[in-house]
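Just below is one structure, and these are the notes that go with it.
Every read-out reported here was derived from the displayed coordinates using simple, explicitly stated rules and does not represent laboratory data. Just so we're clear, the structure is a prediction, and the values are computed from it rather than from any experiment. As a convention, Cβ positions derive from the backbone with ideal geometry for all residues, glycine included, and neighbour counts pool all protein chains shown.
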Amino acid sequence: MRKYLTNVVGVALIAIVFSSPLSFAGEETMGGKDMGKDVTISGRVVDPACYTHMGMKGPDHKECAVMCAKAGQALGILDEQNDVLYQVIEGAPGTDPNKPIIGNAEDVITVKGKLFEKSGMKALIVTEVSAQ
């Protein structure tokens, strides 16, 4: 009976270890906190509010997008090829998520950064920008 119990406990511990989120390859976590996934994305810098609500994007919308970004609207990156909108978020509290990309409003760019996905939303901390 004792040997049986030891085996059951051993199997249960192995199951717990292998089902832990930290054990899955490709996931970056630290103490249960999502550290994001390194990505490179090409897309158009858009004002997500105008794009999702009114379909506005492109060079004719540049002035409006910059104005809204300066008023506090976080910009997004629209991967037009795959129809995916990434919300740009801050990397640290009190920082401006738009700073690295506001000069490229409504332009198509390539960015490197950390991708976070939660509840169907895709969010991106931009770490590097290159114009196309």
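How many residues does segment 31-54 hold that are under 17 Å from Val88 (Cβ atoms) and either among the polar types (S, T, N, Q) or part of a helix (DSSP H, G or I) (or both)?
Of the residues in that region, 7 qualify.
Of these, Val88, Val108, which one is in contact with a Ser or Thr (Cβ under 8 Å, 6 or more places away or on another chain) and either without any contact (Cβ under 8 Å) to a residue 24 or more places away in the chain or among the aliphatic types (A, V, I, L, M) (or both)?
Val108
Within segment 92-104, track down each residue that is buried (at least 16 other Cβ atoms within 10 Å of the Cβ) and assigned to a loop (DSSP other than H, G, I, E, B).
Correct list: Pro97, Asn98, Pro100, Ile101.
Tell me which residues, restricted to segment 55-90, are in a loop (DSSP other than H, G, I, E, B) and either of a type in the set (D, E, K, R) or surrounded by 15 or more Cβ atoms within 10 Å (Cβ to Cβ) (or both).
Met56, Lys57, Gln73, Ala74, Leu75, Glu80, Asp83, Ile89, Glu90
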